[in-house]
Structures are given as C-alpha cells and as structure tokens.
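Just so it is clear, none of the values below were taken in a lab; they were calculated from the coordinates. What you see is a predicted model, and the numbers here were worked out from it, not measured in a lab. Don't worry about glycine lacking a Cβ; one is built from the backbone with ideal geometry, like all the others, and counts go over all protein chains shown.
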C-alpha cells in the first residue's frame with residue numbers, strides 16, 4: 001500500500017516538512033501521571049518509522065518507567081515505510097549477489113554496521129541532491145504488539161490517520177474494523193514472541209477502554 005509521507009505528517013498538525021535524516025516528534029500532553037504520549041517520525045535513509053511512544057521525549061523508556069503507563073502504550077505500535085532506493089545500480093546488485101561465493105583464501109572483513117552519523121550523512125546527501133521522495137510503501141504495521149497482515153494495512157492506516165490529528169492517540173482505535181487480520185502477536189513489556197502466533201482480536205471500545213488506563217475515546 002502506497003502512502004504520501006508529507007500528507008501523513010500534516011495529519012498530525014505539524015507544520016513541518018520531513019526528509020531523510022530528520023526526526024519529528026508530535027506530543028500529546030494528557031492530564032494525569034503516565035498518560036502523555038507522542039508519535040515519532042524517524043526517517044533513516046530509505047526507511048521511515050512512525051511510532052507511538054509513551055512519554056513526550058520520543059525516546060524508548062526503560063521498562064521500569066514504561067510499566068507505569070497504560071498497557072496500550074507498553075506494547076509496540078508502529079509503521080515502517082520504505083521509499084524507493086534510486087541509488088542502487090546493476091553493479092551494486094551484481095556485487096550483492098556475489099557475496100557468499102568462494103574467493104581467495106582468507107576471511108572477508110566483517111561488514112561494519114552503519115552508525116547514526118553515517119546514516120545522517122547519507123541522508124543529508126540525498127536532501128542536498130533534491131532526492132526527497134513523497135511516496136512510500138507500508139512494509140510493516142504493528143499495533144499493540146500485533147503485527148497486521150497486508151490485507152489490514154488500508155483500514156488500519158485510515159484509523160491511524162484519524163487518530164493523529166486528535167488530542168490523543170488511542171492505540172486500540174487503530175484496530176477498529178480490522179477484525180482478526182493479524183499476522184503475529186508479540187507480548188508487551190519488552191518480551192519477544194514465541195513462534196508465529198495467529199490470534200483473533202475483537203474490537204469493543206466499551207469493554208476494552210478500562211484496560212487502557214480508563215481513557216474514553218475522544
């Protein structure tokens with residue numbers, strides 16, 4: 001599913017442009033302790049991650065702090081959008097495809113992981129060259145630890161956009177009319193999924209609102 005990146009940012013009410021290498025944080029200040037949250041737009045080279053986070057600074061909280069927030073903010077909720085990589089050439093593809101083939105005698109040098117500074121410089125080069133893509137494809141969509149199947153992307157995305165321009169983001173409302181189109185469930189609290197669990201999720205705002213910090217939809 002294709003998404004217009006700049007229009008998505010505008011849905012939050014932020015009067016800013018986003019481009020590779022830039023990070024935007026939309027804050028949703030709420031009354032009461034451990035209720036405030038934010039949506040983070042973090043564009044790293046060809047991957048834009050849009051994530052709902054507890055707290056207002058856009059950083060991932062320690063588990064000792066995260067556990068104080070409603071459960072809907074403890075489990076991960078995010079989208080990963082991939083833009084087209086115009087820099088890939090046939091030579092790059094040939095080189096990539098040749099990896100793993102036997103060559104000389106010694107070990108190949110270990111591939112060094114890109115540091116944040118490397119990513120920023122690479123992204124900055126694209127911006128200065130005028131390469132700021134507006135369109136991207138949803139690669140992954142996770143709501144409260146539940147990874148959605150592609151069939152659910154369109155409905156969940158529309159729900160998410162509706163939430164972005166409100167005074168708070170209710171993670172459970174992103175699941176409205178999504179039904180049981182779940183690919184994999186991941187436990188909250190920093191735990192990893194065991195296996196590839198397929199689950200059914202029934203959305204009922206009246207029954208579930210109390211489970212998420214007593215917040216009513218608004």
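Taking a temperature of 37 °C and a viscosity of 0.692 mPa s, what whole-number D in µm²/s does Stokes-Einstein yield for the stretch 1-49 with Rh from Kirkwood over alpha carbon pairs?
273 µm²/s
Could you work out how far apart the two model spin labels at residue 166 and residue 25 are, taking each label as a point 7 Å from the Cα in the direction of the beta carbon, and quote it in nm?
Distance between the two pseudo-spin positions: 2.3 nm.
With a cut-off of 16 Å, note down the residues of the stretch 13-29 whose backbone N falls inside the zone around a label point 7 Å from the Cα of residue 134 toward its beta carbon.
16-20
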